[in-house]
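To start, the structure under review is shown below, and the notes come after it.
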Amino acid sequence: MVPGERPNPWRLILLGAPGVGKGTQAELLTERLGACHLSTGDIFRAAGKRKDCDQSPAIRAALEYMRRGELVPDSTVWEMVRERSDCILCRGGFILDGFPRTLGQAESLKDLMEKEKLSLSAVVDYELPVDEIVQRLSGRRTCEECKSVFHVKERPPKVEAVCDHCGGRLFHREDDRPEAITVRLEAYERSTAPLIQFYKNLGLLLPIVAKGSPDEILARTMEKMDKLADDR
Ligand code: AP5
């Protein structure tokens, strides 16, 4: 569904470590704001479901990086994002979930937005202690069909292993194995955490404590966004 035009669309980046709840909040924010949702992780997972002969060498390599928990090279990520630049140009705004993840990606996005005369509204940075992140990741289950995210304890589906929304099968992501989680957290610290300072310097950072239920975190996020809109 292509969101419609809005008077003051939100153009948001969701930052935060793997498993902090970006995808869950992106789902809730998309519903609330009517913006376009772009998740680079979902794009790669969808490409991984294509037949082998329909996968380019770059995608096959990207899936290997993902399986190990490492970041996919910037050139491949940027190619995938550029193919979906309609989302960035969407008049209803956008929510970027899992992108950008390196300073190089952030610079590419900035150049594209400047060229299109668009500006970011805010960068929401979700914060949570590592032990809670690991608990969230190890209990996560994802719908094979509609990509909805559940948690075996915190957000269980009504019927075990079945998606509440579309009846699809829920699966445990390969990169949620303990060894891949460690690699992902290291990659986050090394390559993505520097973006916090980058966006702080641009006056765009909105730090949000990611404790509590998804609805509580959404309310906290909306409160800060409303305040930002009033201040501007
Ligand atoms: P990606 O799919 O983006 O994964 P991620 O950033 O590692 O984030 P996750 O999806 O693991 O977690 P999340 O923060 O969205 O949490 P969620 O809402 O699911 O990327 C995967 C891989 O693709 C990367 O490792 C990399 O290889 C590659 N990649 C993607 N983009 C890239 C890029 N730009 N550059 C390079 N490589 C890239 O929540 C987690 C669990 O917690 C769920 O079970 C959920 O139900 C539960 N939960 C959520 N909120 C709460 C809450 N408030 N209370 C209790 N439980 C909660």
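Overview of values
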item	result
Extended-chain gain in nm, criterion 0.36 nm per residue less alpha-carbon gap, Asp231 and Leu118	38.7 nm
Carbon and sulfur %, accessible surface of the chain computed with the full protein complex present, 1.4 Å	51 percent
Amide H partners (placed H, <5 Å) of Asp164, local residues excluded	Lys158
Calculated SAXS-style log₁₀ I(q)/I(0) at q = 0.10, 0.17, 0.18, 0.21 Å⁻¹ - segment 57-186, Debye, Cα scatterers	-0.43, -1.15, -1.22, -1.31
For peptides 102-113, 131-142, sequence by mean Cβ density within 10 Å, most packed first	131-142, 102-113
Chain lengthening between Arg68 and Lys224 when straightened (0.36 nm per residue, less Cα-Cα)	52.6 nm
Interchain or long-range residues, amide H under 5 Å from Leu206's placed H	Val123, Val124, Asp125
Normalised contact order of the chain, rounded percent, pairs of Cα under 8 Å and 6 or more residues apart	28 percent
Structure-based [θ]222 nm, the chain - -39500 (n - 2.57) summed over DSSP H runs of at least 4, per residue, nearest 500	-13500 deg cm²/dmol
Rounded if a/c under 1.5, otherwise prolate or oblate - segment 35-121, Cα gyration tensor axes	prolate
Fraction of antiparallel bridges per DSSP, the chain only, in percent to nearest 5	30 percent
Solvent exposure of the chain as accessible area per residue, Å², 1.4 Å probe	53 Å²
Gyration tensor (alpha-carbon) shape descriptor, the chain, a/c threshold 1.5	rounded
Among the listed pairs Lys51/Lys158; Lys49/Lys147; Lys22/Lys147; Lys22/Lys153, those beyond 21 Å (Cα-Cα)	Lys51/Lys158
Rounded, prolate or oblate (a/c below 1.5 giving rounded, otherwise prolate when a/b exceeds b/c) for segment 152-232 by Cα gyration tensor	oblate
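The values are calculated or read from the model by the stated rules, or taken from the named source; none is laboratory data. Bear in mind that the values here come from a model prediction, so they are computed numbers and not experimental data. Don't worry about glycine lacking a Cβ; one is built from the backbone with ideal geometry, like all the others, and counts go over all protein chains shown. Protein only, heavy atoms only, side chains kept; ligands, DNA and RNA dropped before computing areas. Shrake-Rupley method; radii C 1.70, N 1.55, O 1.52, S 1.80 Å.
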